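Reading through the structure tokens given below for one structure.
The values are calculated or read from the model by the stated rules, or taken from the named source; none is laboratory data. Because the structure is a prediction, the values reported are computed rather than measured. Cβ atoms come from the backbone with ideal geometry, glycine included; neighbour counts cover every protein chain shown. Heavy atoms of the whole protein, side chains included, go into the accessibility calculation; ligands, DNA and RNA do not. Shrake-Rupley method; radii C 1.70, N 1.55, O 1.52, S 1.80 Å.
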Amino acid sequence: DKLPYDPAQDLVPISLGSEIFIVVAAPESLKLNSLPELVALARAQPGKLNWVATPGVVYYMFAGFVRSAGLDMSQVPYRDFTQAVNDLAEGRIQVTVTSLATARPQVETGKVKLLAVTNQQRIPARPEIQTVTEAGHPELAFGAFGGFFGWRGMPNELREKISADIRAVGTDAIIAERLGAVGIRPRTSTPAEFAAAIEEERSKVAAIARAIGTKPQ
């Protein structure tokens, strides 16, 4: 209620920079192979499964999914999200929704299994993992993106120039390879396209916040 700035006015969109791959993961011990299998298990065992998601948009998206799918699952809050992934690996948490980069270490140990990716496209490094849309749950589809902002009153000429430079970097194959190694893909845009992406996400999250009873701001 007392945020000292207005993000819609004081942060001027310049360009998208990247899209982070967000995955739905479960302990290997559950022997699940897909998102539909997870949903079926949650419905067969109401109140028995715990979930955790990265704070922010990822949390809201999965909370909305749990509600819309009519699943009885408990959300567990963590101050240190690293511990959440460790608990997932040990089976103390049954579902984690987070970035591929965060889940990767435990996936590589074989203790955690990826069930789906929330983005619209599959992960190039793990093409066998379905998107949530392919798995029959398009309501969970979203891509966590990051971008560049300027200040209120930033000269439009400067804004357009920086945006063009970022788009040029985004086509560099070496940059794409380096980002891909940590579960990120280059995603650039014009200022107008970035502003539209922000507004689309803001509207979607606001609707979920109302649906799950979060206090409106």
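Pairs of lysines 8 or more apart, or on different chains, with alpha carbons under 22 Å: count those in region 1-137, would you? Please list the in-between numbers first.
Values: K31/K48; K31/K111; K31/K113; K48/K111; K48/K113.
Close lysine pairs under the 22 Å cut-off: 5.
Could you give the spread of the C-alpha atoms of region 78-166 along their three principal axes, from largest to smallest, in whole angstroms?
53, 33, 24
Quick one: 3J(HN,Hα) in Hz for region 192-206, Karplus 6.51/-1.76/1.60 with θ = phi - 60°, rounded, Gly and Pro as x.
5, 5, 5, 4, 5, 5, 5, 5, 4, 5, 4, 5, 5, 5, 4
Report the relative contact order of region 68-217, percent, no decimals, based on alpha-carbon pairs under 8 angstrom and at least 6 residues apart. Present the calculation step by step, with values, prior to reporting the outcome.
Values: 102 pairs, mean separation 19.9, N = 150.
13 percent.
Tell me, what is the 1.4 Å probe accessible area of M154, in Å² to the nearest 10?
Rounded to the nearest 10, that gives 20 Å².
Loop only by DSSP, 15 or fewer other Cβ within 10 Å of the Cβ. Give me the GluC sites (Glu not before Pro) in region 36-121 that pass, ordered by residue number.
Passing sites in region 36-121 are E90.
How much length is gained on full extension from A206 to A8, taking 0.36 nm per residue of separation minus their Cα-Cα distance? Each step should come with its number before you reach the end.
Details: separation 198, 0.36 × 198 = 71.28 nm, distance 1.41 nm.
Taking A206 through A8 to full extension adds about 69.9 nm, to one decimal.
If you find the alpha carbon centre of region 119-160 and of region 45-102, how far apart are they in angstrom?
20 Å
Counting C-alpha atoms alone, how compact is region 32-95: give Rg to one decimal and Dmax as a whole number, in angstrom.
For region 32-95, the Cα radius of gyration and maximum Cα-Cα distance read 11.5, 30 Å.
Nearest 10 degrees is fine. How inclined is helix 35-44 to the longest principal axis of the chain, computing both from alpha carbons?
50 degrees
With 22 Å as the cut-off, how large is the P(r) tail for the chain, expressed as percent of Cα-Cα pairs? Each step should come with its number before you reach the end.
Details: 12785 of 23436 pairs.
When all Cα pairs of the chain are counted, 55 percent exceed 22 Å.
Hey, what do the phi angles of region 79-84 turn into as Karplus ³J(HN,Hα) couplings, whole Hz, using 6.51/-1.76/1.60 and θ = phi - 60°, x for Gly and Pro?
Computed from phi, the couplings for region 79-84 are 7, 10, 5, 4, 5, 4 Hz.
Hey, for a label at A69 modelled as a point 7 Å past Cα toward Cβ, could you say which residues of region 127-156 have their backbone N under 17 Å away?
129-143
Please report the relative contact order for region 57-125, taking Cα pairs under 8 Å with a sequence separation of at least 6, and give it as a percent rounded to a whole number. Can you show the working numbers first?
Values: 29 pairs, mean separation 16.1, N = 69.
It comes to 23 percent, rounded to a whole number.
Count neighbours as other Cβ atoms within 10 Å of each site's Cβ, and list the trypsin sites (Lys or Arg not before Pro) in region 54-110 that are DSSP loop with at most 11 such neighbours.
On the way: sites: R67, R79, R92; in loops: R79, R92.
In loop regions of region 54-110 (DSSP not H, G, I, E or B), the sparsely surrounded trypsin sites (Lys or Arg not before Pro) are R79.
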